[in-house]
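Worksheet for the structure shown next.
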Amino acid sequence: MEMLPEIAVRRAFRSLSGEPLPEESVVRMLEAATFAPSCFNNQPWRFIAVSDPVVLEKVRAQLPDGNAWARSAPMVILAVTKPSLDCRLDEGRDYAFFDLGMSTMNLMLQAVREGIVVHPIAGFNPKKVKAACAVPDDFVLVTLLICGKQGENPSLSDWQLEREKGPRQRKPLSEVVSFNSFPV
């Protein structure tokens, strides 16, 4: 058996074309997100796909210079949830965040199938992005998903270009996995 091709080839590329994404591809990506498992099937994820030029510019304005490459993307998807939408278990196990992560991965894998790059980022002003998209205060904006077709981006820094074109870097399995007990 081999790894699923979408998992094997997925990369968080930064060189994105500004060309609009096919609507049918975006709908399939978002629908794939809804097929993720969730605690008691609560489906606590909420996604806001932003492609309207006015709203998109408000979101882009909240990206720091380190994520300037993302300003050329034709779509940004906000991934939001709130703990009360899902199982809240002992020891701080608010399952909404785990379920949102699984849903986001489904979206990303479908994007690979569609020929679309989805690069999640944490570097942005969450309060101002939420305001730009009318996200209620009690929701947590966990990540922005920068979406686009692969293209050229002359504004990438040297280290970004190196990561873009270099081999995929992953920690060895022995560093992150153990069997039967901790430590890893």
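Residue under question is Lys82, and the condition is that it be in contact (Cβ under 8 Å) with a residue 12 or more places away in the chain, basic (Lys, Arg) and closer than 20 Å to Asp52 by Cβ; does it hold? Here the answer is no, as Lys82 does not meet what is asked. Taking the stretch 1-95 and the helices (runs of 4 or more DSSP H) fully enclosed by it, the elements with 2 or more residues that are charged (D, E, K, R) and under 22 Å from Leu109 (Cα atoms) are at 23-34.
The single condition from (1) more than 16 Å from the chain's Cα centre (by Cα); (2) surrounded by 13 or more Cβ atoms within 10 Å (Cβ to Cβ); (3) closer than 14 Å to Val80 by Cα that Ala134 fails is (2). Pairing residues of the stretch 102-120 that are within 16 Å of Val80 (Cβ to Cβ) with residues that are surrounded by 19 or more Cβ atoms within 10 Å (Cβ to Cβ) and of a type in the set (Phe, Trp, Tyr), at Cβ distances under 6 Å and at least 6 apart in sequence or on separate chains, gives Ser103/Trp45.
Of all residues in the stretch 150-184, those satisfying the criterion of being of a type outside the set (Ser, Thr, Tyr), in a loop (DSSP other than H, G, I, E, B) and surrounded by 11 or more Cβ atoms within 10 Å (Cβ to Cβ) are Gly151, Asn153, Leu156. Quick one: would you say Glu6 is modelled with pLDDT of 95 or more and acidic (Asp, Glu)? Here the answer is yes, as Glu6 does meet what is asked.
The values are calculated or read from the model by the stated rules, or taken from the named source; none is laboratory data. Just so we're clear, the structure is a prediction, and the values are computed from it rather than from any experiment. In this analysis, Cβ positions are derived from the backbone assuming ideal geometry, glycine residues included, and neighbour counts consider all displayed protein chains.
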